[in-house]
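Heads up, the thing below is written out as structure tokens.
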Amino acid sequence: MDDDLERLNRLLDDLAAERDPQDRGTLSVEEVRLAETAAFLKAGNPSRALPDDAFVEQLGARLAAAQKGDGRGEARPTAPDNGVSRRLLLRRVAVAAAGVAAGAAGGVAARGLADQAAAKTEADQAYRRGIDEGVKRATSQGFSTPMVPEDRGRWIKTPYKASDIGPGQARRFRAGALEGFLVNTGHGDIFAVSAACTHMGCLLTWLDGADTFLCPCHGAQYNADGTVLSGIARHPLPRLTVKPDRQGYYRVWSVDEHPAVTTVSEYKGF
């Protein structure tokens, strides 16, 4: 038997004996919930509704004193025994009263549990909505900082002209230290995005006909404009700065693969 199971058995034994759990300081969240449930079930045990002997004796003494008279020295008539002892009768009355109280408490406890379950469901739904909204904001938010700072890069020529990239097509290129895609969505100018997945940096593949990028490593998908379509990625593809030169070839603002610059530019985030 492993340590977790032994600790769980000790917890249940302590609760059954109404002792403070020995392992109070090491209980997990799930074990605390289990302890609360066990304590609730323990409280609902029918045997706990039975009054103890001391209570019955006290109740009997009070009834006997009340039967001695009404203050005028006259004894009140006693009820016939009919084969039922006063002690047994008192016990039955006490048990009936305890049963009514237990039923009322059970109803209150049941309503309390239902309210707790409803509150937990509402909290879980709110938590899920928060995650979904956060993911939507992250996946749709673009990069405000350019991939390559103005003081670090230079224009590097790609082998593609506008005529080489038809509507719905993307062309992969390597320019210095960057790899990217020149994309023509057919709805405007040709633009460039990074070819590295924002999840863990795997190089993307362009899916002809679907107009989307696919990460072969973990399955993230991006729209043609670089926004996240599905999968594990949480940030869109950074845009790269491009322009056509005099011959019509697109040039990308990039950095050399082995730059001589030794300073580090400030990164300002999204």
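The values are calculated or read from the model by the stated rules, or taken from the named source; none is laboratory data. Note that this is a predicted model, so its numbers are computed, not measured. No Cβ is skipped: glycine too gets one built from the backbone with ideal geometry, and neighbour counts run over all protein chains shown.
Just a few scattered comments:
- For Trp253: the one exception among (1) modelled with pLDDT under 90; (2) aromatic (Phe, Trp, Tyr); (3) outside any loop (DSSP other than H, G, I, E, B): (1)
- Taking the listed residues Leu237, Leu178, the one that is at pLDDT below 95, crowded, with 17+ Cβ neighbours inside 10 Å, among the aliphatic types (A, V, I, L, M) and within 29 Å of the chain's Cα centre (by Cα) is Leu237, with no other qualifying.
- Residue satisfying condition, being modelled with pLDDT of 80 or more and out of contact with any Gly (no Cβ under 6 Å at 6 or more places or on another chain), within set Pro159, Pro167: Pro159
- Applying a threshold of 8 Å to beta carbon distances and a minimum spacing of six or more residues, or different chains, the list of pairs starting in the stretch 233-247 at a residue that is among the β-branched types (Val, Ile, Thr) and ending at one that is part of a loop (DSSP other than H, G, I, E, B) reads Thr241/Pro146; Thr241/Met147; Thr241/Val148; Val242/Ile190.
- Annotation: of all residues in the stretch 179-219 being in contact with a Phe, Trp or Tyr (Cβ under 9 Å, 6 or more places away or on another chain) and part of a loop (DSSP other than H, G, I, E, B), the one that is nearest to Arg239 (Cα to Cα) is Ala195.
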